[in-house]
1. Taking only the stretch 209-246 into account, find how many residues are farther than 22 Å from Asp76 by Cβ, of a type in the set (Asp, Glu) and part of a helix (DSSP H, G or I).
2. Of all residues in the stretch 78-96, count the ones that are touching a residue at least 24 places away in the same chain (Cβ under 8 Å) and either within 16 Å of the ligand (Cβ to nearest atom) or more than 12 Å from Lys121 (Cα to Cα) (or both).
3. Among residues belonging to the stretch 132-168 that are modelled with pLDDT of 80 or more and of a type in the set (S, T, N, Q), point out the one that is surrounded by the fewest Cβ atoms within 10 Å (Cβ to Cβ).
4. Looking only at residues that are more than 12 Å from the ligand (Cβ to nearest atom) and polar (S, T, N, Q) in the stretch 186-233, which one is modelled with the lowest pLDDT?
5. Could you say whether any residue in the stretch 379-386 is within 16 Å of the ligand (Cβ to nearest atom) and either surrounded by 23 or more Cβ atoms within 10 Å (Cβ to Cβ) or in a strand (DSSP E or B) (or both)?
6. Checking the condition in a helix (DSSP H, G or I), of a type in the set (D, E, K, R) and at pLDDT 95 or above, which residue from Glu310, Glu258 passes?
7. Looking at Gln129, Gln101, Gln107, which one is within 16 Å of the ligand (Cβ to nearest atom) and either within 15 Å of Glu192 (Cβ to Cβ) or modelled with pLDDT of 95 or more (or both)?
Amino acid sequence: MSPLNDFSKLEPAVFLKAKEAYGTPAYLYDEALIIQRCKAVLDMPNAYGLGVRYAMKANSNRTILQIVEKHGLLIDASSLNEAKRAVMAGIAPAKIFLTTQEVPAGQERKDLEDLMKKGLKYNVCSLRQLELIAGFARENGIDLSMRIHPGIGSGESATRNTGDKYSCFGVHRSDLEAALQFGKDKGIRFTEVHVHIGSGGDPEIWRSNIDLELGIIEAHFPDCDTVSFGGGLKEARMPGEIYADIEYLGNYAKERIEAFYERNGRKLKMEIEPGTFIVANAGYAVTEVLDKKTTGDDGFNFIVVNGGMEINARPTMYGSQHPFYVISKDGSLLSTEFDLPDTGYNAIIVGRCCESGDSQCLDSQHNIIERKMAEPELGDLIVIGGVGGYCSSMTPFNYNSHIQIPEILAASDGTVRLIRKAQTLEQMVQNEL
Ligand SMILES: Cc1ncc(COP(=O)(O)O)c(C=O)c1O
C-alpha cells in the first residue's frame, strides 16, 4: 500500500492500527514529519544566528511540545496559560516568548513575574501593557521585546490577517513614539522587536515585512539584538496550494540582515515562530462513515462521519479545505486527494452536529461544495488531512455534548500510542453545579 501523500509517509495500515487500538474519531499525528519540519526550519539560511519558536497555539499537546523542543525549537506562547503549559511539559521558562493581549492581575500577575524572573521574554503589545509591566521589568533588570503593528499583513483569510488596520495586535506606529518615550523614561531596554503578519501568510508579504521591520529597528531600537519575523510561513494542505519557500525567505532575510550590519555595525539574530508549518500536515482526523444520504436528483450525496466541526472547525470558521482520504475497512486506500480517481462520484462530508455548517466541504463564502472522492461504504474510514494545527487546540469540542476526542502519535519508531485520552461525559459535566 502506498503512503497517503507527498508530505507524510504514513501508510493506510497505520490508520487501521490506530482505529483498532483507540477507536474513532481520533487525531493521529505523524512524528517523523514533525521532526522533518523542525529540521527544515532550523536549516533556514540566516546571517548571525537563528532561533525558531514553535507557535504552540497551533497544537499544545504536551507530547508535541516535547518533540519540537527535543529537536531544537523554542516556544512562542500566546497566553500565560500556554506559557505555564509549556513549563508543565518540562520546558524551561527561558525558552519561552510570551505574546499576549494582557498583563494579568492578581495571582496570575505573580505567576507571570515569576516566569519572567526565570527568563521568560515578555513581548509588549500595547502602550497599556508597557505601562503595566515597565516598573517590574526595570526593578528586576529584565529587558523586554516589543511587537510592532506593521500596518500591512496577510493570512489565509481576512480573519487570519493580523497585520492590517482591521486587527489590533502590537503597538501601532501611531503609538510607537509614545511607547518609546515611556520606555526611555522608565529605563527599559527593548532587545527584541517582533512582527507577525498573520497565520499562513503570503510569502511575498512576509518578505516585504522583513524590510519594514528592519527599517523600524534601524530608526527606533538602538538596543535591539534580535529581530523576530513572527510566524505565518504558509503550508500547503491541499494539492496545488502555494507554500512558503523557506530557503528563499531565509536567504532574503540573511541578505537584508547583513545589509543592516553594514549600515549599523549591529549583528541581529533572527527569530521566526511558525506553528502551521511545523504541525499542519502532520495531523489527521480519523473518522468513520456512519451514514450515507442524498438530497434527491438535483441534490447531493452526503457522507455522515463521526467527527465534524467539533474536531476540525477550520472549514466552518475560515472556509478552509482539507484533503480527504478514503480507506476501506480492510485497509485499502480507495482515494487520496493527491491522486483522485475519476469515478464520477462527488459527495459532501458532514459531521454529527445539529448545524448545517457542520461540513468539511465549504468554500471561503461558506457555500457547501461537493468534492470528488471514491465512494465509501458504511464503516470505511474518512481521514481528513492537514489537521495537525489549529484543530485539536481550536475547536468547539463539546458542542452537541460530543466529547473531546483522543490524540494518537504515530511515532517515528513505528509504534502507535495514545498521547491524550478521550474526554469522558463525566469530565464534561464535572464542574457544573
Ligand atoms: C504572534 C503569532 N506568532 C505565530 C503564529 C503562528 O502562525 P502560523 O501558524 O501561521 O505559523 C501566530 C498565529 O496566529 C501568531 O499570532
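The values are calculated or read from the model by the stated rules, or taken from the named source; none is laboratory data. Bear in mind the structure is a predicted one, so any value in this text is a computation, not a measurement. Cβ placement follows ideal geometry from the backbone for every residue including glycine, while neighbour counts extend to all protein chains displayed.
1. Residues meeting the conditions: 2.
2. Matching residues across the stretch 78-96 total 13.
3. Selected residue: Asn140.
4. Applying the filter and picking the extreme gives Ser208.
5. Taking every residue of the stretch 379-386 in turn, at least one turns out to be within 16 Å of the ligand (Cβ to nearest atom) and either surrounded by 23 or more Cβ atoms within 10 Å (Cβ to Cβ) or in a strand (DSSP E or B) (or both).
6. Sole residue among the options that is in a helix (DSSP H, G or I), of a type in the set (D, E, K, R) and at pLDDT 95 or above: Glu258.
7. Just a single option satisfies the conditions, and that option is Gln129.
For every residue, the table says whether it meets (1) at pLDDT below 95; (2) surrounded by fewer than 24 Cβ atoms within 10 Å (Cβ to Cβ); (3) within 30 Å of Asn398 (Cα to Cα); (4) within 16 Å of the ligand (Cβ to nearest atom).
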site: Glu11; (1), (2), (3), (4): yes, yes, no, no
site: Gly23; (1), (2), (3), (4): no, yes, yes, no
site: Gln36; (1), (2), (3), (4): no, yes, no, no
site: Pro45; (1), (2), (3), (4): no, yes, no, no
site: Tyr48; (1), (2), (3), (4): no, yes, no, no
site: Met56; (1), (2), (3), (4): no, no, yes, yes
site: Asn61; (1), (2), (3), (4): no, yes, yes, yes
site: Leu65; (1), (2), (3), (4): no, yes, yes, yes
site: His71; (1), (2), (3), (4): no, yes, no, no
